[in-house]
Amino acid sequence: MDIAEKLTVLSDAAKYDAACTSSGVDRAGAKGKIGNAAAAGICHSFASDGRCISLLKILMSNACMYDCGYCINRRSNDIKRATFTPHEIAGLTMEFYRRNYIEGLFLSSAVVGSPDRTMELMIDTLSLLRGEYGFMGYIHAKVIPGADDALIERLAALADRVSVNIELPSQESLALIAPDKKKDAILRPMGSIRNGIAIGAYEKTHYRHAKPFAPAGQSTQMIIGATPENDMQILRLTEGLYGKYRLKRVFYSAYMPVNSDSRLPALNVPPPLLREHRLYQADWLLRFYGFRADEILDDKNPWFNELLDPKCNWAINHPEFFPVEVNRADREALLRVPGIGPKSADRILLARRSGPVNEYGLKKLGVVMKRAKYFILCGGRRPEGAVFREKEVLPVLSGRKEIERFSYPRYEQFSMFRTTAEDTVKALTGEF
Amino acid sequence: MDGVTYIFDGSFDGLMCCCYESMLKKEIPAAVADENEPQLSMFFGRYIASEADKAAKMARGIGRRFSPEALGMLKVAYLAGCSAVYTAAVNFVRLGFEHGPAAMDMLSDDSVNTIFCTCRRVMNEAHHYKGFLRFAKYDGGVLIAEIEPKSFVLPLIANHFADRFNTENFMIYDEVHGAALLHEAYGDARIVYAAEISLPDKTEDEKNYENLWRVFYNTIGIEGRRNAKLLNSSLPKRFRPRMTEFAK
């Protein structure tokens, strides 16, 4: 197989891994070596599905000995198998990097022989890149579940970010669909990586030549819609993961049916893209807006509102919190207003220092007045046109274009009350 | 007198001299324009000469009386190169001298808003180019890239690329502004002016790698999630002609 063919097979095999960022670590270039890293991350291109491309995302090999139900590379599928050599990967990474196609490398792999053997192949590749080739760009490496701690440590010393994929949102689902990947084999490495990162960060501030350990942190990924967990369970799991493992990101990947399997949704079931979108919106609320998971979803309402994003949904259902006076409210309160995000909240606080803010000023600051006007007061006055009439407000808040984009049937009758759980389940998760 | 149009040579020093003139004469110009710009009303236009020491004095004054951050923003906003920004800049500086650092918070003032937004716009374009710019390797190992930016972003991306590719000989050519960033391996980067350049043919090896990138690009998109609208809003079409994966 020539390089082009290997690249086709092994990037095709890697594309369902959602993690795509190149952010998290600032690293200046070193004289004599090529490469640096930008903490904000740089998008080098965007794919046909609209996702950012910033890394060369490939599998080391797709010749897997596991048989996970959802995976295109599973042992029981009859597909082309390929394996890169460490030199091929290093060469490709360097040439692409030189041409500014990428920020760095995203290396994952199928399980070749054993988890430890696979890790050793990956470590060989990264050592070559960092050592002989002098590469100082970004590397994101996937840790193989069940790998030995010593190998994890060696991988984390070479990579900027490491992740272990949680794959499915519950132990039961994991046992049913991907029995080769044991829960402990996934969580134990996550714990040991968390500890390694903490120690590495401490040592970096105390010792000049401290050995690095995944300076850009740890992330994980799970598949949405392959198994019956509801949104609340997934969100609660997310909150727990951020808390317990101090992850940088949790990625959600809408289940794309690639295999015909009785344990999973049928091949013609469309991927739950809207649901994935709502999960990312909720994830942002947890990380940047000061929300708790139980404020967004709870036992009585375990599914996202299809028509309203989680923040607007919260606002509509908590009228007692509004209106918020923009000239007096604190940052947390401002962040609860639909149309005000962390950047505009900070700008409001800044602008307040030199005088009262009125609705025209707010617009200039970047507040989405179309939404915010129903929820705020400016110096005791309601903004122009801010009379709360259900018929007018809900279409504005619901982002119809967004719904259409995910091509779900439009509901002619907008209602203040949440759509029933059944409707939403049918629309979002497909038949089981 | 108020309402006059300042005309200057288009340099940052010239802009500083316009600010100096406005403060000195205690007047608010109706517009501040680059002499090289075609649409120019010659009525009530006053030419402001660019003097290095005056400009330096002004810049120092802005840093001290107004804020160093403001000076930084002016240097970035200036790169946008349009009359509206120059005019806002003069008013921004006036505000700064009147209110001191507090003027940085007056985000609802039109001039302040223009400078902030322009600064953001120019920084965004520079950031886009850090990602979308594509080098091609030519005979001798030289990396060459071409860009067509709306604002003059070369000064903003120079350090990033000089740091990242310090081991390489490279050139980034800005077609629109007729300027090129030149970097020698293990050396420094500098900006030179060149009306046009002619490039040699691409080597087989280069075409090979460009092809590999296209292979990767075409494979990595998930068919079932095709989304042209999202792609268009994330990757503005004007960047695509120079990008390997989109160019023919």
- Note on the structure: Rounded to the nearest 500, the 222 nm mean residue ellipticity computed for chain A from DSSP H runs (n ≥ 4, each -39500 (n - 2.57)) alone is -12000 deg cm²/dmol
- Task: In whole Å, largest first, what are the principal axis extents of the Cα atoms in the stretch A:160-315?
- Result: 55, 42, 22
- Query: Taking the Cα centre of chain B as the origin, how large is its charge dipole in debye, to the nearest 20, when only Lys and Arg (+1) and Asp and Glu (-1) carry charge on their Cβ atoms?
  - Reply: 800 debye
- Calculate one ³J(HN,Hα) per residue across the stretch A:129-146 by plugging θ = phi - 60° into the Karplus curve 6.51 cos²θ - 1.76 cosθ + 1.60, and present them in order as whole Hz with x for glycine and proline. 4, 6, x, 4, 8, x, 8, 10, x, 8, 10, 10, 10, 8, 7, 7, x, x
- Listed by chain and number, the residues whose amide H is under 5 Å from that of B:ARG134, excluding neighbours fewer than 5 places away on the same chain and using placed H, are B:GLU146
- Query: GNM on chain A, C-alpha springs below 10 Å: top fluctuator among A:ASP160, A:ASP184, A:ASP49?
  - Reply: A:ASP49
- Item | Interatomic Cα distance distribution for chain B, bins of 5 angstrom, percent | 1, 6, 11, 14, 15, 13, 11, 10, 8, 6, 4, 2, 0
- Note on the stretch A:276-369: contact order normalised by length, alpha-carbon pairs under 8 Å, 6 or more apart, percent, works out to 22 percent
- Partner shielding of A:48-59, as the mean number of partner chain Cβ atoms within 10 Å, equals 5
- Message: Around A:ASP160, under 12 Å between beta carbons, what's the net of Lys plus Arg minus Asp minus Glu among the other residues?
- Response: +2
- Out of the DSSP beta bridges found with both residues in the protein assembly as shown, what percent are antiparallel (nearest 5)? 35 percent
- Quote the convex hull volume per residue of the stretch A:228-343, based on C-alpha atoms, as a whole number of Å³. 133 Å³
- Item | Distance histogram for the protein assembly as shown (every C-alpha pair counted, 20 angstrom bins, percent rounded to whole numbers) | 16, 44, 34, 6, 0
- Message: Just to confirm my numbers, what's the Cα centroid distance between the stretch B:20-94 and the stretch B:164-183 in Å?
- Response: 29 Å
- Prolate/oblate/rounded label for the stretch A:1-75 (Cα gyration tensor, a/c 1.5): prolate
- Message: Apply the a/c threshold of 1.5 to the C-alpha gyration tensor of the stretch B:156-198 and tell me whether it is rounded, prolate or oblate.
- Response: prolate
- Message: Over chain B, with a Gaussian network built from C-alpha contacts below 10 Å, which listed residue (B:LEU156, B:LEU199, B:LEU181) shows the highest mean-square fluctuation?
- Response: B:LEU199
- For each of B:MET243, A:MET122, B:MET58, count neighbouring Cβ atoms within 10 Å of the residue's Cβ, then give the residues from fewest to most. B:MET243, B:MET58, A:MET122
- Message: With Kirkwood's inverse mean 1/r over C-alpha pairs for Rh, give me the Rg to Rh ratio of the stretch A:8-148, two decimals please.
- Response: 0.97
- Query: For the Cα atoms of chain A, what angle does the longest principal axis make with the long axis of helix A:86-98, in degrees from 0 to 90, nearest 10?
  - Reply: 50 degrees
- Could you list A:VAL393, A:VAL9 in order of exposure, starting from the residue whose Cβ has the fewest other Cβ atoms within 10 Å? A:VAL393, A:VAL9
- Put +1 on the Cβ of every Lys and Arg and -1 on every Asp and Glu Cβ in the stretch A:200-351; which of A:ALA201, A:PRO319, A:LEU285 then has its Cα farthest towards the positive end of the dipole? A:ALA201
- Partner chain Cβ atoms within 10 Å, averaged over the residues of A:28-35 - can you pull that number for me? 4
- For the stretch B:9-22, in order, what is each residue's ³J(HN,Hα) by Karplus, 6.51 cos²θ - 1.76 cosθ + 1.60 with θ = phi - 60°, in whole Hz (x at glycine and Pro)? 7, x, 8, 5, 4, x, 5, 4, 5, 5, 4, 4, 4, 4
- Query: Tell me, what is the Rg over Rh of the stretch B:37-145, with Rh the Kirkwood radius over Cα pairs?
  - Reply: 1.10
- Task: Give the relative contact order (percent, whole number) for the stretch A:3-150; include only Cα pairs under 8 Å separated by 6+ residues.
- Result: 26 percent
- Message: Using only the alpha-carbon atoms, what does the stretch A:195-241 span along each of its principal axes? Please give whole angstrom values in decreasing order.
- Response: 49, 16, 12
- Magnitude of the charge dipole, the stretch B:209-248, Cβ model with Lys/Arg +1 and Asp/Glu -1, debye to 20: 260 debye
- Item | Positive-end residue, the stretch B:133-178 charge dipole about Cα centroid, Cβ charges, pick of B:PHE152, B:ALA162, B:TYR138 | B:ALA162
- Query: Which stretch or stretches of the stretch A:114-153 have amide N atoms under 17 Å from the point lying 7 Å from A:ARG246's Cα along the Cα→Cβ direction?
  - Reply: A:153
- Query: So, with +1 on the Cβ of K and R and -1 on the Cβ of D and E, and no other charges, what is the size of the charge dipole of the protein assembly as shown about its Cα centre, to the nearest 20 debye?
  - Reply: 1180 debye
- List, in order, the whole-Hz ³J(HN,Hα) value for each residue of the stretch A:217-229 obtained from phi through the Karplus relation with A = 6.51, B = -1.76, C = 1.60 and θ = phi - 60°; use x for Gly and Pro. x, 10, 9, 8, 9, 9, 8, 9, x, 7, 9, x, 4
- Task: Could you state the angle between the C-alpha long axis of helix A:273-288 and the longest principal axis of the C-alpha atoms of chain A, as a value from 0 to 90 degrees rounded to the nearest 10?
- Result: 80 degrees
- Dipole-positive endmost among B:GLY187, B:SER198, B:ALA31 within chain B (Cβ charges, Cα centre): B:ALA31
- Message: Rounded, prolate or oblate for the stretch A:249-292? Axes are the square roots of the Cα gyration tensor eigenvalues, ordered a ≥ b ≥ c, and the cut-off for rounded is a/c under 1.5.
- Response: prolate
- Angle, helix B:52-61 long axis vs. longest principal axis of chain B, Cα atoms, 0 to 90°, nearest 10? 80 degrees
- Message: As a footprinting exposure proxy, order A:ILE340, A:ILE316 by other Cβ within 10 Å, with the fewest listed first.
- Response: A:ILE316, A:ILE340
- Which net charge results when you count Lys and Arg as +1 and Asp and Glu as -1 among the other residues whose beta-carbon is under 12 Å from that of A:ILE234? -2
- Task: Quick one: Debye curve from the alpha-carbon atoms of the stretch B:140-236 only, equal weights, vacuum; give me log10 I(q)/I(0) at q = 0.13 Å⁻¹ to two decimals.
- Result: -0.64
- Query: Across the stretch B:46-165, how many lysine pairs, 8 or more apart or on two chains, come within less than 26 Å at their alpha-carbon atoms?
  - Reply: 6
- Query: Percent relative contact order of chain A, based on C-alpha pairs within less than 8 angstrom and at least six residues apart?
  - Reply: 11 percent
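Rule-based calculations on the coordinates, nothing more; no lab input. These figures come from a predicted structure and were not determined experimentally. Don't worry about glycine lacking a Cβ; one is built from the backbone with ideal geometry, like all the others, and counts go over all protein chains shown.
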